[in-house]
């Protein structure tokens, strides 16, 4: 485990985790430029850790779990902080949290572990990242088109979160039924 922690991609992922409290502090203290800059650096570190893992052939078991956890922690925390700051509507944040909690519970309470991200899950994550970026950018620069973009982002994030949650639940249900059918036929 220690050798996996030393891998450069995992070091970047851990660094991304360290950005989370500093982004939130920047938001709460209304240092919008800092919050935006730190979010962009966190995004760059996310892209770099995946690239480094492939180039350096340092893909680890720990990294497979740590990277998505870091992404979820960053996004979920920012949705929460931005809702408390009245910059993202609560209905969006509640759905994002509910989906993530529901997915985590489904994952934790069954034996299915090989659930790769679907196109809906990837689209949902992309919408969440774009929405958080647009909201943070709007804290620094307020053209009318960016306010409209934020509102579109809220609706798109809500829709894709709901679709991906339903899709995930259906896939898990199908796999659980298939697994149950296999056990009863033996």
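The values are calculated or read from the model by the stated rules, or taken from the named source; none is laboratory data. Computed from a predicted model, the values in this text were never measured in an experiment. Backbone-built Cβ (ideal geometry, glycine too); neighbour counts: all protein chains shown.
With the condition kept exactly as written, say whether any residue in region 48-56 is part of a loop (DSSP other than H, G, I, E, B) and over 30 Å from residue 152 (Cβ atoms). Among the residues of region 48-56, at least one is part of a loop (DSSP other than H, G, I, E, B) and over 30 Å from residue 152 (Cβ atoms), which makes the answer yes. Summed over region 26-38, residues that are more than 30 Å from residue 2 (Cβ to Cβ) and in a helix (DSSP H, G or I) total 9. Give me a count of the residues in region 78-91 that are surrounded by 18 or more Cβ atoms within 10 Å (Cβ to Cβ) and within 14 Å of the chain's Cα centre (by Cα). The total comes to 2. Residues in region 63-81 that are modelled with pLDDT of 95 or more and closer than 15 Å to residue 22 by Cβ: 74, 77, 78, 81.
When region 46-69 is filtered for residues that are surrounded by 13 or more Cβ atoms within 10 Å (Cβ to Cβ) and within 14 Å of residue 129 (Cα to Cα), the ones remaining, listed by number, are 46, 68.
This table checks each residue for (1) under 28 Å from residue 26 (Cβ atoms); (2) part of a helix (DSSP H, G or I); (3) in the same structural domain as residue 27 (by TED's automatic domain parsing).
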| position | (1), (2), (3) |
| --- | --- |
| 81 | yes, yes, yes |
| 106 | no, yes, no |
| 116 | no, no, no |
| 124 | yes, yes, no |
| 130 | yes, yes, no |
| 133 | yes, yes, no |
